[in-house]
1. How high is the relative contact order of the chain? Use alpha-carbon pairs under 8 Å, at least six apart in sequence, and give a whole percent.
2. Which one is right for this structure if Rg/Rh (Cα atoms, Kirkwood Rh) is calculated from it: (i) 0.97; (ii) 0.94; (iii) 1.04?
3. Go through Pro95, Val52, Tyr204 and say which Cα lies farthest out towards the positive end of the charge dipole of the chain; charges sit on Cβ, +1 for Lys and Arg, -1 for Asp and Glu.
4. Using per-residue counts of other Cβ atoms within 10 Å, averaged over each peptide, order 147-153, 20-26 from highest down.
5. Quickly work out the Leu289-to-Ala242 label distance, labels modelled 7 Å from Cα along the C-beta direction, and quote it in nm with one decimal.
6. At 0.36 nm per residue, and after removing the present C-alpha to C-alpha distance, how many nm does the segment from Val252 to Gln86 gain when stretched out fully?
7. Please give the contour-minus-distance gain from Glu148 to Ala25: 0.36 nm per residue of separation, less the Cα-Cα distance, rounded to one decimal in nm.
8. Please give the peptides 82-89, 135-142, 39-46, 210-217 ranked by average Cβ packing (other Cβ atoms within 10 Å per residue), highest first, as a rough proxy for protection.
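Values in this text are rule-based calculations from the coordinates and carry no lab data. None of the values given here were measured: they were computed from a predicted structure. Here the Cβ positions follow ideal geometry from the backbone for every residue, glycine too, while neighbour counts run over all protein chains shown.
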Amino acid sequence: MPTPALIVHGGAGTVEDERRAACLAGVERAARAGWDALERGGSATDAVETAVREMEDDPEFNAGYGAVLNRLGTVEVDACIMDGAQRAGAVAAVPWFRHPVTLARRLLEAGEHVLLVGGGALLYAREVGMAGDPPESMIAPRSRARHEREAAARAAALPKVGDTVGACCVDRDGRVAAATSTGGTPWKRPGRVGDSPLPGCGNYADDRAGAASCTGHGESIIRVVMARDAVDRLRAGASADAAARGAVAELVARTGGEGGIILVSRDGAIGHFTSTPRMPWAAIVGGRLESGAEHA
């Protein structure tokens, strides 16, 4: 039987020194929450949803409550969740929604559609009893201040990567799952959809190999189908560490974009790597917690 393992990330990019401790604490809380779901008998899918929900509530991360604002000063969020049986649910450009990963989970379970966007996703949320959130409750002080800085600069010199969140897990039964959630890129156009809600791009899961979750410049990640690339490397026999490093190297070489990735193999090995200065991550393997932010 595989060793149960869970890994989460808080986004690739520039994490300021003064935020490093808070971001590490946030990913560690998320990892513990996901692990607790496993310990209570939950599946890998339960674990990644729980972990990502924890980070969607944390204003340090660009997801849910901490999501960046678009050019109109509004919140539009994306999320995807996928299990190793190749089932997926995803939502994109959903206005004023705190937990898009759970809405994506509802789509996965329904099995009718893989991806819903914008107002259609919001209508579906109401249909399944998930209301959107009042706008005034969705803008974290950090997001408002960030938006004001970006508006003043007109995004001319802003970093093109952001602190998206994600999680990957393999459970005791050898089932894998991945989930990713984001507010998108700073100063994005309304309606922009990045890599996070696209299976194969922002995340991917296959019980025959493993699961991956990506973060970074979404348009670049989409072009190389980065999460599927990493899982294919696992299937071909690469170690978890080699698969992570290889997928990031492919991203940089083929597109010039920056990004990071976390992954878990079907036998419980974890991998993580980023081409950016920092990517907060935390993992629990066999009950032991570890975390970090930088890579050599």
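1. This gives 26 percent for the chain.
2. Answer by label: (ii).
3. After comparing all options, I get Pro95.
4. The peptides rank, most packed first, as 20-26, 147-153.
5. 3.3
6. Using 0.36 nm per residue and subtracting the Cα-Cα distance, I get 57.0 nm.
7. Length difference between fully extended and current span is 41.6 nm.
8. Answer by packing, highest mean first, reads 210-217, 82-89, 39-46, 135-142.
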